[in-house]
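Asker: My questions will all concern the structure given below.
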Amino acid sequence: MNMLLNGIATLLTALSLALAMGATERPNILLIYADDIGYGDLSCYGGTGVQTPNVDALAKSGLKHLSGYSSSSTCTPSRYSLLTGQYAFRNEGAQILPGSAPLIIDVERPTIASVLKGAGYRTALVGKWHLGLGKADGSMDWNGTIGPGPLQLGFDKAFFLAATGDRVPSVFIDDDSILNLDPNDPISVSYEEMVGNEPTGISHPELLRVQADRQHSGTIVKGISRIGYMAGGESARFRDEDLSDRFLAEAIAFIEEEREEPFFLYFATHENHVPRMPHPRFQGASSLGPRGDAIAQFDWSVGKLVEVLKETDQYRDTLIIITSDNGPVLFDGYWDGAEQKNGDHQAAGPYRGGKYSVFEGGTRSPMIVHWPERVKPGESEAIVSQMDFLASLATLAGVDALPTNAGKDGQDVSEALLGKSDQGREYMVQQGMGSLAIRAGDWKYIPKGVVSDRGGIGEWIRHRVSEKGELYNLKNDPGETEDVRDQYPKKADELRKLLDQETGRTF
Ligand code: NG6
Ligand code: CA
């Protein structure tokens, strides 16, 4: 009897919740996650070398965040935080991963996908994964069932690239197996030793369509040498120029699916990562060479997604977020002319550093939030991190409370995200490659150590931070040009303590 009553009570709560929320209030969520697109790369953020009219249109009718951040200045840690709501430095494995790495997210750990799925969303990943695949014992067979991976972390559907375009294997994974793999031509992948006897960038540089550094001189797949070695799987190999169109087609198919429930689509584009091989129809679209042409291609894809949302009558009920996993880089392993053709284009906007850096250019990211029903057009200075998306999107999806084992570093900043409040985070730890810093309000503190300065932009520049650390006032000095540690020693100390407290380390 008791059980029956309980059952009825639960049913009634669920019903009243559904009624209170109103069917139309739970938005579809389209999270467009760019790769290596800097704060200043989009024309709505001041980019000059490439025009991004489709993104700009969303920025105009949506909210343009000026203090939106990725959690880290490289890919894997940022994606880890984005999906789990936890600082990546808490997980030692959350470092740039080889294509053969095991999954670094515990399958018991809640993710945006599993939380939204639990709330009745249909969820999909399309694009770049780069969080590892398979068990830690390395037992995964690329020719069999691939996982654990996205399907075990709450995605109903996944069409993806295991790591990055510059890392083998150069194939698509459809849910949990390699697409178009011929069982008579099995694939093998290694990052330790040469497998098979295919040409590499070292043995056959004359076969290359673009010259690469030593690190990117493993197996040549379709004229591009990669990090790592692979053999076999000929029929499954993609041509880099087709990557973007294929991801777009998969995303569109998912958006067009007949369904009752709202959707969550994590569309993780490969643009603007190396190798930058945009489709020939975008070649020459910008003044920046392939780097800018790939951004034009990204923008075009965004336009297509918007078009499909409109055609399927879902545009008004879809929350679109556009942001990027880390700051920009010009040279990143392939001599594709990005440095020579950059001109005056400020890929990191007014910020110092870029990809790999703990300076603002590493993590300050373009972030556009668009939802005709709920977002008032404008700009916001509120500090928001992608790490906050889990808690914030859960709220927007009507989830009362996150599971108790969910990442605790993310905050519910949904009001700030939608522009209803200018109160975002008070402070946030920032992660560079091998370095940490903290921003609190207008202040930023970088503790002692060696940090990447203008990572990959021009030559690699390293910057040594002295014992006392460095303090910047981002309001007066967004470009982090003047260390004011000696003028404000108490402030510096306050931030250093906060950094100790947040990280459990001693700086
Ligand atoms: C680096 C690669 C770089 C890029 C990066 C990952 C070298 C010398 N450089 O290790 O080319 O692949 O990893 O980029 O190997 S990210 O955006 O996925 O973090
Ligand atoms: Ca990246």
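The values are calculated or read from the model by the stated rules, or taken from the named source; none is laboratory data. Just so it is clear, the model here is predicted, and its values are computed rather than measured. Positions of Cβ are backbone-derived with ideal geometry, glycine not excepted, and every protein chain shown enters the neighbour counts. The area values use the complete protein model at the heavy-atom level, side chains included, leaving out ligands, DNA and RNA. Shrake-Rupley method; radii C 1.70, N 1.55, O 1.52, S 1.80 Å.
Asker: What accessible area per residue, rounded to a whole number of Å², is obtained for the range 427-503 using a probe radius of 1.4 Å?
Answerer: Working: 3870 Å² over 77 residues.
Value for the range 427-503: 50 Å² per residue.
Asker: Oh, and also: Give the calculated FRET efficiency between ASP486 and ASP344 to the nearest 0.05, with a Förster radius of 35 Å applied to their Cβ-Cβ distance.
Answerer: Values: r = 34 Å, r/R0 = 0.96.
Rounded to the nearest 0.05, the efficiency is 0.55.
Asker: What lysines could a cross-link reach from LYS310, if we take a straight Cα to Cα line under 22 Å and drop same-chain neighbours fewer than 8 places away?
Answerer: Once the sequence-local lysines are set aside, what remains near LYS310 is LYS60, LYS64, LYS376.
Asker: Starting from the amide H of THR52, placed 1.01 Å from N in the peptide plane, find each other amide H under 5 Å away whose residue is 5 or more places distant or on another chain.
Answerer: Amide H to amide H, under 5 Å and 5 or more residues apart or across chains, THR52 pairs with SER43, CYS44.
Asker: List the trypsin sites (Lys or Arg not before Pro) within the range 237-300 that fall in a DSSP loop (any state other than H, G, I, E or B) and whose Cβ has at most 12 other Cβ atoms within 10 Å. Walk me through the numbers before you get to the answer.
Answerer: Values: sites: ARG237, ARG239, ARG246, ARG259, ARG276, ARG281, ARG291; in loops: ARG239, ARG259, ARG276.
Qualifying residues, ordered by number: ARG259.
Asker: Please report the spacing between the Cα centers of the range 23-52 and the range 163-203 in Å, no decimals.
Answerer: 31
Asker: Right, here's the next one. Please work out the FRET efficiency for the pair TRP335 and ASP442, using the Cβ-Cβ distance as r and a Förster radius of 35 Å; give the result to the nearest 0.05. Let's see the in-between values first.
Answerer: Details: r = 40 Å, r/R0 = 1.13.
About 0.30, to the nearest 0.05.
Asker: Kirkwood-based Rg over Rh for the range 427-503 (C-alpha set), two decimals?
Answerer: Dividing the radius of gyration by the Kirkwood radius yields 0.95.
Asker: Next question. With an 8 Å Cα cut-off and a minimum separation of 6 or more residues, compute the relative contact order for the range 274-431 in percent.
Answerer: RCO, the range 274-431: 19 percent.
Asker: Along the charge dipole of the chain, which of SER452, MET140, PRO280 sits closest to the positive end, that is, farthest toward it, with unit charges on the beta carbon of Lys, Arg, Asp and Glu (+1, +1, -1, -1)?
Answerer: Comparing the listed Cα positions along the dipole, SER452 ranks first.
Asker: Using unit Cβ charges (K, R positive; D, E negative) and no other charged atoms, how large, in debye to the nearest 20, is the dipole of the range 427-503 about its Cα centre?
Answerer: Working: 13 positive and 14 negative charges, 25 e Å.
So the dipole magnitude of the range 427-503 works out to roughly 120 debye.
Asker: At 1.4 Å probe size, with every protein chain present, just tell me what the per residue accessible area of the range 86-243 comes to in Å². Spell out each step's value before the answer.
Answerer: Working: 6180 Å² over 158 residues.
Result: 39 Å² of accessible area for each residue.
Asker: If you filter the range 410-473 for chymotrypsin sites (Phe, Trp or Tyr not before Pro), then keep DSSP loop positions with at most 16 other Cβ within 10 Å, what is left? List each step's numbers first, then the result.
Answerer: Numbers: sites: TYR427, TRP443, TYR445, TRP460, TYR472; in loops: TRP460.
Of the chymotrypsin sites (Phe, Trp or Tyr not before Pro), the ones in loops of the range 410-473 whose Cβ has at most 16 other Cβ atoms within 10 Å are TRP460.
Asker: Ok, one more. Would the range 357-418 count as rounded, prolate or oblate if I go by the C-alpha gyration tensor, calling it rounded below 1.5 in a/c and otherwise prolate when a/b exceeds b/c, oblate otherwise?
Answerer: Cα axes put the range 357-418 in the oblate bin.
Asker: While we're here: Which listed residue (LEU153, THR52, SER73) has the Cα farthest towards the positive end of the charge dipole for the chain, taking +1 on Lys and Arg C-beta and -1 on Asp and Glu C-beta about the Cα centre?
Answerer: It is SER73.
Asker: Go through the range 163-177 residue by residue and turn each phi into a ³J(HN,Hα) via Karplus (6.51, -1.76, 1.60, θ = phi - 60°); whole Hz please, and just put x for glycine and proline.
Answerer: Rounded to whole hertz, the list is 10, 9, x, 8, 10, 5, x, 8, 9, 8, 10, 10, 6, 9, 8.
Asker: Would you calculate the separation in nanometres between label points at GLU108 and ILE461, each defined as 7 Å from the Cα along the Cα-to-beta-carbon direction?
Answerer: 4.7
Asker: Using a 1.4 angstrom probe on heavy atoms only, work out the carbon and sulfur share of the accessible area of the chain in %.
Answerer: On the way: 9990 of 20120 Å².
Roughly 50 percent, rounded to a whole number.
Asker: Still on this model: Using the membrane-span-like helix rule (whole DSSP H runs, Cα extent along the own axis of at least 15 Å, mean Kyte-Doolittle hydropathy at least -1.0), which helices of the chain qualify? Present the calculation step by step, with values, prior to reporting the outcome.
Answerer: Numbers: long enough: 2-21 (28 Å, 1.62); 243-256 (20 Å, 0.84); 290-311 (31 Å, -0.13); 489-503 (21 Å, -1.52).
Passing helices, by number: 2-21, 243-256, 290-311.
Asker: Out of THR312, MET230, PHE263, whose Cα points farthest toward the positive end of the dipole of the chain (charges: +1 Lys, Arg; -1 Asp, Glu; placed on Cβ)?
Answerer: PHE263
Asker: A follow-up question, please. Which of rounded, prolate or oblate describes the range 170-301 when judged by the alpha-carbon gyration tensor and an a/c cut-off of 1.5?
Answerer: Values: a/c = 2.59, a/b = 1.28, b/c = 2.02.
Verdict is oblate for the range 170-301.
Asker: Students often forget the sequence filter, so: which lysines lie under 23 Å Cα-Cα from LYS222 once same-chain residues fewer than 8 apart are removed?
Answerer: Candidates past the 8-residue exclusion: LYS128.
Asker: Going Cα to Cα from LYS448, which lysines come in below 23 Å? Please leave out same-chain ones fewer than 8 positions away.
Answerer: The qualifying lysines are LYS355, LYS468, LYS475, LYS490, LYS491, LYS497.
Asker: Follow-up. At most 16 other Cβ atoms within 10 Å plus a DSSP loop assignment makes a site exposed; report the longest stretch of the chain without any exposed GluC sites (Glu not before Pro).
Answerer: Working: sites that count: GLU92, GLU108, GLU192, GLU193, GLU257, GLU258, GLU260, GLU339, GLU373, GLU381, GLU426, GLU459, GLU467, GLU482.
With GluC sites (Glu not before Pro) excluded where exposed in loops, the chain gives 1-91 as its longest stretch.
Asker: What is the dipole size for the range 376-507, taken about its Cα centre, with +1 at each Lys and Arg Cβ and -1 at each Asp and Glu Cβ, in debye to the nearest 20? Please report the intermediate quantities before stating the final value.
Answerer: Working: 18 positive and 23 negative charges, 67 e Å.
Taking the Cα centre of the range 376-507 as origin, the dipole is about 320 debye.
Asker: Taking each pair of different alpha-carbon atoms in the range 313-407 once, compute 1/r for the pair, average those values, and report the inverse of that mean as the Kirkwood hydrodynamic radius in Å to one decimal. List each step's numbers first, then the result.
Answerer: Values: mean 1/r = 0.0614 Å⁻¹.
Here the Kirkwood hydrodynamic radius works out to 16.3 Å.
Asker: Checking the a/c ratio against 1.5 first, then a/b against b/c, what shape does the Cα gyration tensor give for the range 216-371?
Answerer: On the way: a/c = 1.92, a/b = 1.24, b/c = 1.55.
Oblate.
Asker: A follow-up question, please. Give me the dipole magnitude in Debye, nearest 20, for the chain about the Cα centre, with unit charges on the beta carbon: positive for Lys and Arg, negative for Asp and Glu. Walk me through the numbers before you get to the answer.
Answerer: Values: 49 positive and 70 negative charges, 201 e Å.
Using Cβ point charges on Lys, Arg, Asp and Glu, the chain gives about 960 debye.
Asker: How large is log10 of I(q)/I(0) for the chain at q = 0.11, 0.12 Å⁻¹ when the intensity is taken from the Debye formula with one equal scatterer per alpha-carbon?
Answerer: Computed log10 I(q)/I(0) values: -0.92, -1.10.
Asker: DSSP loop trypsin sites (Lys or Arg not before Pro) in the range 426-486 with at most 13 other Cβ atoms within 10 Å of their Cβ, which ones?
Answerer: On the way: sites: ARG439, LYS444, LYS448, ARG454, ARG462, ARG464, LYS468, LYS475, ARG485; in loops: LYS448, ARG454, LYS468, LYS475, ARG485.
When the trypsin sites (Lys or Arg not before Pro) of the range 426-486 are filtered for loop state and at most 13 Cβ neighbours within 10 Å, LYS475 remain.
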